[in-house]
Structures are given as C-alpha cells and as structure tokens.
Amino acid sequence: MTTPSAPQGDEGPRWLSDEEQRVWQSYLHGTLLLEDHLDRRLQRDAGMPHIYYALLVHLSQAPDMALRMTELAKGVKITRSRLSHAVARLEASGWVGREECPSDKRGQIARLTESGREKLRASAPDHVSAVRQAIFDRLSPEQVTQLGEIMRVMATGLEPEGTGADLPWRR
C-alpha cells in the first residue's frame, strides 16, 4: 500500500515515512495473525474464543473474583453489548455468574465461579504455550525487553488519564 504524497507546508497530516509505513503494516499484520492464532488455539484446546479467556483472566485477578459489568467491559476494551453476550455464554457454561449490584440496582456484577476458575486453570498451560511459541520463543532476550518497553510506552500514551495506573505491567 502506498502513502499519498506528503502535502507541502503545514496544511495537512504528517504522512508516514516509507519506514514508518513498513513498520505500521508489519505491526497490523503481526497482531492480526497473533490474535487469530490465539483464538483458534483456545477454540480448539479450551472450547472458547480468546475474548472469553481474557474475561475469565480479568475476573480471576479482580478482588473477590468479581467486577461490575461496566468495569469489566472497560478492562477488556469491549462494548457493553458484546460483553453482555459473552457473559451470557460464559454463564451458560457455568464459568461466570451474574448478580445484582448492591450499591446500584441498575448495575450487575459478573463473578467467576469455581467451575470458571477450574476451566481457567485447565486452559492456562496450553494458552501460555501458544503465547510462548508465537512470541517469546521467536525473540531474543533483548527483543523481549525492547518489545515490553515499546508496548508500555504505547499503552501509557493511549490509556485514558486516570485509568489503569496500577496495571501489573506498569510496575
């Protein structure tokens, strides 16, 4: 894909250089392939898509393994309607339960069930193996460090102010 000719002066956007365009396209292609790979592996090995696994992980790391639905949606960066559908499927599997929020009758809380914890425990080794094979086994230790630093800088710059300050990868 080519980039339009850069406009003269300050009248338009700063176009990507050829190298930046190459890096951008590599990033897009790599992240799409990675997400597809992890999704297919989790479907095959655990019977769930990657987003469901992410929801179970997010709940497992929350206090009392429970979060308000709005906080869970924000945490995994999906819409509330997509979350509602996903939680309904996780409920049907017995991995998550919903309860009313005691402080706000309009809100709901999603809670990881014991069955959900067991499913996560059983699924984690294969998922970690897939992540290791797809990323870490392909990179040198220096590249792993560089990737971590790059992703932290990107996340810090993109995270809305006042959110996610205590995420584990920021420590």
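Total residues in region 31-42 satisfying the condition of being surrounded by 14 or more Cβ atoms within 10 Å (Cβ to Cβ) and free of Cβ contacts under 8 Å to residues at least 24 places away in the same chain: the figure is 1. Contact annotation: residue pairs with Cβ atoms under 7 Å, 6 or more positions apart or on different chains, pairing a residue in region 126-143 that is more than 13 Å from residue 34 (Cβ to Cβ) and in contact (Cβ under 8 Å) with a residue 24 or more places away in the chain with a partner that is among the acidic types (Asp, Glu) and in a helix (DSSP H, G or I), are 126/45. Given the criterion farther than 25 Å from residue 46 by Cα, modelled with pLDDT of 90 or more and either more than 18 Å from the chain's Cα centre (by Cα) or not in a loop (DSSP other than H, G, I, E, B) (or both), identify the matching residue among 91, 99. Only one candidate qualifies: 99.
Condition first: within 16 Å of residue 56 (Cβ to Cβ) and among the small types (Gly, Ala, Ser). Now tell me which residues in region 117-142 satisfy that.
122, 123, 124, 130
A count restricted to region 47-81 and to residues that are part of a helix (DSSP H, G or I) and either under 13 Å from the mean Cα position of the chain (by Cα) or touching a residue at least 12 places away in the same chain (Cβ under 8 Å) (or both) stands at 20.
Picking from 120, 90, 55, which residue would you name as being closer than 23 Å to residue 159 by Cα and in contact with a Leu (Cβ under 9 Å, 6 or more places away or on another chain)?
Exactly one of 120, 90, 55 is closer than 23 Å to residue 159 by Cα and in contact with a Leu (Cβ under 9 Å, 6 or more places away or on another chain), namely 55.
As an exercise: evaluate residue 106 against (1) in contact with a Gly (Cβ under 8 Å, 6 or more places away or on another chain); (2) not in a helix (DSSP H, G or I) and give the number of the one condition it does not meet. Among (1) in contact with a Gly (Cβ under 8 Å, 6 or more places away or on another chain); (2) not in a helix (DSSP H, G or I), the lone unmet condition for residue 106 is (1).
The residue that is surrounded by the most Cβ atoms within 10 Å (Cβ to Cβ), among those in region 114-135 that are closer than 20 Å to residue 27 by Cα and touching a helix residue (DSSP H, G or I) at 6+ places or on another chain (Cβ under 6 Å), is 130.
Could you please give the count of residues in region 87-100 that are surrounded by 14 or more Cβ atoms within 10 Å (Cβ to Cβ) and not β-branched (Val, Ile, Thr)? Of the residues in region 87-100, 7 are surrounded by 14 or more Cβ atoms within 10 Å (Cβ to Cβ) and not β-branched (Val, Ile, Thr).
Of the residues screened, residue 19 is not one that is in contact with a His (Cβ under 7 Å, 6 or more places away or on another chain), in a helix (DSSP H, G or I) and either more than 21 Å from residue 151 (Cα to Cα) or not β-branched (Val, Ile, Thr) (or both).
The values are calculated or read from the model by the stated rules, or taken from the named source; none is laboratory data. This structure is a prediction, so every number in the text was calculated from the model and none was measured. Glycine also receives a Cβ, built like all others from the backbone with ideal geometry; neighbour counts cover every protein chain displayed.
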